[in-house]
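Working notes, structure below.
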Amino acid sequence: MRIAILGGGVAGSTLAYLLSRISNEVTIFDINQYYVKPCGDIVPNVYTPPFNWNETFGIKRFSFYIDGEKIYDVEYRHTKWLVIDKWKWINDMRKSSKIIVTHDLNIKDFDYVIDSRGPYPMDREVVYTTRAIIETEEFDDEAILEFDTHYTGFYWIFPSGENEYNIGAGFLEYKNSKELLYYYLRKKFKNFEIKDVRGAPISIGSVKNKKLRIGEARGLVFPLSGEGIRPSAISAEYAFEAIYKEKDLDEFLNDKLSIIEKRIKIQKMLLDLYRYSSLSLRKNFMRIFFKNDVLIDTYLEDKIDLNGIIESLKSVRGNGSIVRKFEEQEK
């Protein structure tokens with residue numbers, strides 16, 4: 001079977017790797033020979049991909065800030081988030097397929113043409129983000145999420161290696177995220193060295209046309225966290241299963257991805273509720289949300305629905321997964 005995959009990111013490369021293992025002729029059409037798209041490089045520690053990634057850091061500690069004030073932090077007994085070497089993982093998977101570098105998508109004579117171009121059809125709302133990899137002696141092993149209630153989005157500080165951070169910014173109302181990121185870096189650190197800076201759009205809006213689409217091209221990014229690695233890889237696994245079992249691809253994906261897409265829809269509703277609220281309501285909403293152990297757990301694993309909340313309730317209250325929690329004294 002001859003299969004064309006448009007875009008060799010998470011979903012496209014995972015699908016290409018799986019298909020190549022069963023003697024399919026797979027061709028990835030991409031605008032670059034090597035994958036270089038930046039992101040936070042974070043995945044919740046609840047998924048194992050079919051092609052293993054290198055884990056560079058495990059995160060157990062989290063702090064949440066609103067308008068510069070730390071309102072809550074929490075530490076888990078187990079690794080909650082994994083930092084992965086995303087570029088190496090994807091580029092290693094791409095080695096299993098033929099890659100054609102082109103902007104021309106007039107693709108013919110293939111049994112399947114799968115769209116995995118991330119956000120780049122640009123047929124949905126996106127947020128423009130910039131991330132920097134910095135080296136600093138001012139290092140801690142906690143992940144920081146900081147919200148500025150004047151905008152819709154957040155800053156992040158994620159440890160990515162010893163004395164190294166992945167730091168980024170993305171806000172809907174402020175497209176020059178690079179400017180905001182540099183301001184944030186100067187505010188948070190006295191001494192640091194920037195090793196790499198890159199920007200990219202991230203999908204936060206729904207996609208009307210899902211036909212033969214997987215990954216972020218299908219809109220599989222959680223709008224509140226921006227996490228798209230895990231849902232994209234999962235969609236590729238289901239696409240492979242559909243092709244291998246000769247199922248209708250779109251019907252199969254609609255069925256198998258229904259829970260993930262429902263959770264993405266719920267997050268989008270919460271995002272819209274936040275963005276169209278007053279500044280005072282935004283701040284109150286964030287304070288309530290990030291002072292609740294169960295809601296924090298559902299957020300960190302992107303499972304904000306009834307079943308996810310019940311699962312987090314059992315984990316947080318029943319299994320004692322939290323080592324400690326700190327809340328600043330009310331003034």
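Does the stretch 139-160 include one or more residues that are at pLDDT below 95, assigned to a strand (DSSP E or B) and not hydroxyl-bearing (S, T, Y)? No, the stretch 139-160 has no match at all.
State yes or no: is S315 modelled with pLDDT of 95 or more and open to solvent by less than 60 Å² (accessible area, probe 1.4 Å)? Here the answer is no, as S315 does not meet what is asked. Just one residue in the set K247, K256, K208 is more than 29 Å from E55 (Cβ to Cβ), basic (K, R), open to solvent by 10 Å² or more (accessible area, probe 1.4 Å) and modelled with pLDDT of 95 or more; that residue is K247.
Identification of strands (runs of 3 or more DSSP E) wholly contained in the stretch 1-49 with 1 or more residues that are out of contact with any helix residue (DSSP H, G or I) (no Cβ under 8 Å at 6 or more places or on another chain), within 18 Å of I107 (Cβ to Cβ) and of a type outside the set (A, V, I, L, M, F, W, C) yields 2-6, 25-30.
Within the stretch 223-267, being charged (D, E, K, R) and either part of a helix (DSSP H, G or I) or touching a strand residue (DSSP E or B) at 6+ places or on another chain (Cβ under 9 Å) (or both) holds for E227, R230, E237, E241, D250, E251, D255, K256, E261, K262, R263, K265. Within the stretch 163-187, residues that are surrounded by fewer than 20 Cβ atoms within 10 Å (Cβ to Cβ) sit with their Cβ atoms under 7 Å from residues that are of a type in the set (S, T, N, Q) and not in a loop (DSSP other than H, G, I, E, B), at 6+ positions apart or across chains, in these pairs: K178/T130.
Answer yes or no as to whether T79 is surrounded by fewer than 20 Cβ atoms within 10 Å (Cβ to Cβ) and more than 19 Å from S235 (Cα to Cα). So T79 fits the description; yes. Yes or no: K88 of a type outside the set (G, A, S), open to solvent by 40 Å² or more (accessible area, probe 1.4 Å) and either under 30 Å from E246 (Cβ atoms) or within 23 Å of the chain's Cα centre (by Cα) (or both)? Spelling it out, K88 is indeed of a type outside the set (G, A, S), open to solvent by 40 Å² or more (accessible area, probe 1.4 Å) and either under 30 Å from E246 (Cβ atoms) or within 23 Å of the chain's Cα centre (by Cα) (or both). Checking each residue in the stretch 226-237 for being open to solvent by 20 Å² or more (accessible area, probe 1.4 Å) and either touching a Phe, Trp or Tyr at 6+ places or on another chain (Cβ under 6 Å) or under 15 Å from N45 (Cα atoms) (or both) picks out R230, I234.
Taking the options K108, K88, K70, name whichever one is assigned to a strand (DSSP E or B) and either of a type outside the set (S, T, Y) or modelled with pLDDT of 95 or more (or both). On inspection, the qualifying residue turns out to be K70. Where residues in the stretch 40-51 are in contact (Cβ under 8 Å) with a residue 12 or more places away in the chain and out of contact with any strand residue (DSSP E or B) (no Cβ under 7 Å at 6 or more places or on another chain), which of them is least open to solvent (accessible area, probe 1.4 Å)? Among residues in the stretch 40-51 that are in contact (Cβ under 8 Å) with a residue 12 or more places away in the chain and out of contact with any strand residue (DSSP E or B) (no Cβ under 7 Å at 6 or more places or on another chain), the one least open to solvent (accessible area, probe 1.4 Å) is P49.
Taken over the stretch 111-122, the criterion of being of a type outside the set (A, V, I, L, M) and either modelled with pLDDT of 95 or more or touching a helix residue (DSSP H, G or I) at 6+ places or on another chain (Cβ under 6 Å) (or both) is satisfied by D115, S116, R117, G118, P119. Quick test for you: out of I322, I229, I310, pick the one residue that is touching a Cys at 6+ places or on another chain (Cβ under 8 Å) and either within 30 Å of D111 (Cα to Cα) or of a type outside the set (K, R) (or both). Just a single option satisfies the conditions, and that option is I229.
The values are calculated or read from the model by the stated rules, or taken from the named source; none is laboratory data. Worth saying up front: this structure is predicted, and the values here are computed from it rather than measured. Glycine also receives a Cβ, built like all others from the backbone with ideal geometry; neighbour counts cover every protein chain displayed. Heads up: the accessible areas ignore ligands, DNA and RNA and are worked out on the full protein's heavy atoms, side chains in. Shrake-Rupley method; radii C 1.70, N 1.55, O 1.52, S 1.80 Å.
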